[in-house]
Amino acid sequence: AAADLSIYSDSLAADWSDWSWVVTKNLGNAAPAHSGSGSVAVTLTAGWSAFYLHPNTPVNTASYDQIRFWVHGGSSGGQKLQLVANGSQTYSFTTSANAWTLVSVPLSALGSPANLTDIYWQDSSGGAQATFYLDDISLVQRPLAPTADLPIYTEALGDSWADWSWSSSRNFANTSPIHGGANSLAVTLTGAWGALYLHTDS
């Protein structure tokens, strides 16, 4: 499986910097934590203040399709926030009290940036807000495109395959029983260590 890009998990990733403004924050908060030993505690102390993370090198997003994080609204909850990418495109959400909530934001909802230079969690209420918590922030790897199956045997032996069996008899057009279609492959092992052996040169 392809790897996601971790931005925060117990601590801020080495190639990211904290550029927050007008906030009180603790990047090693012990509790609550969604996983591991810590989370980020954020208190927005004025309208439009933000917890702001900046990659030291812009992140090419070709391999990623969403930003994912967990958010906890503390004992009060209800903080009105927006996730901002590259200083312009926004995604709004509201926290829940006393619970971790998974937020998955498609990069398409943030303008499909080719490179990610900034992300921040910003007040969208116009005033100070109670402390909330963030954890397990990552860019999620884009799923690999599905590929076609390679048929070895379906009704008949595939074109690129040869029967190299030994000490056995084979019927590649057996009509009963069948799993699907018209035929199955019937094999009788006629000697010790006999085998159905299928080979392809490529």
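What nm distance separates the two modelled labels at Ala3 and Trp48, each placed 7 Å from Cα along Cα→Cβ?
Each label point lies 7 Å from its Cα, and together they span 3.9 nm.
Need the C-alpha centroid separation for region 1-69 versus region 82-160, integer Å.
Rounded to whole Å, the Cα centres lie 14 Å apart.
Distance in nm between label sites at Asn115 and Trp164, each 7 Å beyond Cα in the beta-carbon direction?
The answer from the label model is 5.1 nm.
Ordered by residue, what ³J(HN,Hα) values in Hz, to whole numbers, does region 5-17 give under the Karplus form 6.51 cos²θ - 1.76 cosθ + 1.60, where θ = phi - 60° and Gly and Pro are x?
Residue by residue, region 5-17 yields 9, 6, 9, 9, 8, 6, 8, 6, 4, 4, 9, 10, 10 Hz.
Only one of the listed values, (i) 28; (ii) 42; (iii) 48, was derived from the coordinates as percent of Cα pairs over 31 Å apart; which label is it?
Identified label for the calculated read-out: (ii).
Leaving out ligands and nucleic acids, note down the accessible area per residue over the chain with a 1.4 angstrom probe, in whole Å².
52
Anyone know which of Asp123, Asp18, Asp159 comes out most mobile in the 10 Å Cα GNM of the chain?
In the Gaussian network model the winner is Asp159.
With a 1.4 Å probe and all protein chains kept in place, how much accessible area does Lys80 have, in Å² rounded to the nearest 10?
Accessible area of Lys80: about 100 Å².
If you add up the charges near Trp100, with Lys and Arg at +1 and Asp and Glu at -1, over every other residue whose beta carbon is less than 13 angstrom from its beta carbon, what do you get?
Values: positive: Arg68; negative: Asp135, Asp136.
That works out to -1.
Suppose each label sits 7 Å from its Cα in the direction of the beta carbon; what would the Thr190-Ala62 distance come out to in nanometres?
Distance between label points: 5.6 nm.
Kindly write out, for region 170-179 in residue order, the coupling ³J(HN,Hα) from the Karplus curve 6.51 cos²θ - 1.76 cosθ + 1.60 (θ = phi - 60°), rounded to whole Hz, with x marking Gly and Pro.
Result, rounded to whole Hz: 10, 10, 7, 10, 5, 9, 7, x, 10, 8.
The values are calculated or read from the model by the stated rules, or taken from the named source; none is laboratory data. Please read these numbers as outputs of a predicted model, since none were measured by experiment. When we count neighbours, we look across all protein chains shown, and the Cβ atoms used for this are built from the backbone with ideal geometry, even at glycine. The accessibility values were calculated without ligands, DNA or RNA, using every heavy atom of the protein model including side chains. Shrake-Rupley method; radii C 1.70, N 1.55, O 1.52, S 1.80 Å.
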